[in-house]
1. Which one is farthest from the ligand (Cβ to nearest atom), of the residues in region 196-228 that are part of a helix (DSSP H, G or I) and crowded, with 21+ Cβ neighbours inside 10 Å?
2. Determine whether Q165 is closer than 26 Å to A29 by Cβ, without any contact (Cβ under 8 Å) to a residue 12 or more places away in the chain and in a helix (DSSP H, G or I).
3. Got at least one residue in region 278-294 being surrounded by fewer than 21 Cβ atoms within 10 Å (Cβ to Cβ), assigned to a helix (DSSP H, G or I) and in contact (Cβ under 8 Å) with a residue 12 or more places away in the chain?
4. Regarding G156, is this residue in contact with a helix residue (DSSP H, G or I) (Cβ under 9 Å, 6 or more places away or on another chain) and under 24 Å from G294 (Cβ atoms)?
5. Please list, ordered by first then second residue, the pairs with beta carbon atoms under 6 Å, 6 or more apart or interchain, first in region 107-122 and under 15 Å from P293 (Cβ atoms) and in the same structural domain as F297 (by TED's automatic domain parsing), second more than 7 Å from the ligand (Cβ to nearest atom) and of a type in the set (S, T, N, Q).
6. Please find, within region 13-27, the residue that is surrounded by the fewest Cβ atoms within 10 Å (Cβ to Cβ) out of those that are at negative phi and part of a loop (DSSP other than H, G, I, E, B).
7. Go through region 64-122 and give me each residue that's within 16 Å of the ligand (Cβ to nearest atom), buried (at least 22 other Cβ atoms within 10 Å of the Cβ) and of a type in the set (D, E, K, R).
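The values are calculated or read from the model by the stated rules, or taken from the named source; none is laboratory data. Quantities reported herein were computed from a predicted structural model and do not represent experimental measurements. Here the Cβ is made from the backbone with ideal geometry for all residues, glycine too, and neighbour counts use every protein chain on show.
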Amino acid sequence: MAEKTLFYELSYDQLEMWLADQGEPAYRAGQICEWAYQRGASSFDEMTNLSKSVREVLAANFTIGPAEPIETNADKEAEKMLLPMPGGAEVECVRMGMGSYASACLSTQVGCSMRCAFCATGMGGCERNLTVGEIVLQLVTMRARTGDIRNVVYMGMGEAFHNYQAVVDSINRITDKREMGLSPGRITVSTAGVVPAIHRYAKEGPHTELTVSLNASDQATRDRLMPGVSRWDLGDLLSACAAFTESRSGQPVTFAYVLLEGINDTFEDAERLSKLLRPQPHHLNLIPYNKVPGKDFKSPNPFRVDTFYKACCKQGLNTSVRHSKGRRIAAACGQLRRRVQEAD
Ligand code: SF4
């Protein structure tokens with residue numbers, strides 16, 4: 001028997017075509033997508049405004065419904081889930097915040113090949129890319145468990161631009177008004193800084209926000225912390241970000257900067273950051289490091305974080321501090337998966 005396809009792999013147009021092959025009218029696609037994406041149906045049987053024969057042929061060809069988490073870890077601010085993927089392996093996703101202000105943090109790969117020195121995900125390498133449907137499934141699952149989520153960040157496991165097409169297709173899927181209908185402006189794609197992909201995204205990508213992990217104010221420190229992007233120098237990275245800003249009518253790139261005590265949190269770092277970022281629209285987001293077992297890095301203490309923040313502001317940088325939600329639930333990417341793997 002042929003293997004079933006994950007329903008969320010299908011775009012609306014592909015679903016219409018599939019229905020036409022079954023001799024069904026196009027409007028059925030709207031009925032099915034309402035059940036799948038607005039009502040979070042966990043089986044085709046629930047779709048009671050479809051005939052029994054349509055439900056049966058759907059169930060014979062597709063699987064649908066939220067994934068059952070292997071492990072969850074939650075506090076008042078965040079819930080992290082480890083989800084089994086239909087194609088094998090498991091990935092993490094996180095709901096951060098509550099109510100309609102909640103954000104879903106999605107993974108794009110099983111693991112990551114970037115080997116960032118401070119990251120738990122990078123420790124195991126990359127097993128494979130996720131499919132479009134597997135990326136969408138994470139959001140479907142979080143919405144089914146925790147209610148409506150209107151903000152999405154592609155900041156979980158993996159380098160989003162190493163799975164470029166699936167990421168773009170999944171954004172098109174979740175922003176399609178006939179499916180989930182989220183606003184592109186509430187979606188953020190994050191990259192470690194794959195320069196050619198930033199240029200490509202600037203030219204042809206959906207109009208989402210873009211975050212680039214900077215994490216250093218000089219080339220040598222960045223190369224050491226982020227060996228996966230060391231082939232591109234900071235000048236080329238910033239030019240690519242400027243191209244993105246230009247292509248989006250002045251929308252600034254957010255530069256994420258994980259604060260590591262004694263490594264990138266000095267007054268000189270703030271001065272160098274100012275020289276790098278001030279020539280273009282920017283937003284600098286400081287993120288005190290979330291400790292990863294087995295890594296020697298430490299977050300600066302709150303006083304030092306505040307001092308660095310003030311130094312950046314004084315240098316004319318548009319700066320904020322992100323106080324990591326979910327510190328208590330091992331929310332930095334890759335930590336829950338690693339913990340479960342180590343316990344096995
Ligand atoms: S920080 Fe992001 S890009 Fe770097 S290894 Fe971890 S998942 Fe990959």
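1. Taking region 196-228 and keeping what is part of a helix (DSSP H, G or I), we get 196-204, 219-225, 227-228.
Keeping just the survivors that are crowded, with 21+ Cβ neighbours inside 10 Å gives 198, 201, 222, 225.
Details: I198: 14, Y201: 16, R222: 12, L225: 9 Å.
By that ranking, first place goes to Y201.
2. Details: closer than 26 Å to A29 by Cβ: yes; without any contact (Cβ under 8 Å) to a residue 12 or more places away in the chain: yes; in a helix (DSSP H, G or I): yes.
Here the answer is yes, as Q165 does meet what is asked.
3. no
4. For G156, the condition - in contact with a helix residue (DSSP H, G or I) (Cβ under 9 Å, 6 or more places away or on another chain) and under 24 Å from G294 (Cβ atoms) - is met.
5. Matching pairs, first to second residue: A120/Q335.
6. Result: P25.
7. If the condition is that a residue be within 16 Å of the ligand (Cβ to nearest atom), buried (at least 22 other Cβ atoms within 10 Å of the Cβ) and of a type in the set (D, E, K, R), then K80, E92 are the ones that fit.
For every residue, the table says whether it meets (1) out of contact with any Cys (no Cβ under 6 Å at 6 or more places or on another chain); (2) at pLDDT 95 or above; (3) within 16 Å of the ligand (Cβ to nearest atom); (4) not charged (D, E, K, R).
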position	(1), (2), (3), (4)
R145	yes, no, no, no
I149	yes, no, no, yes
Y154	yes, yes, yes, yes
H162	yes, yes, yes, yes
V168	yes, yes, no, yes
I171	yes, yes, no, yes
I174	yes, yes, no, yes
K177	yes, yes, no, no
G193	yes, yes, yes, yes
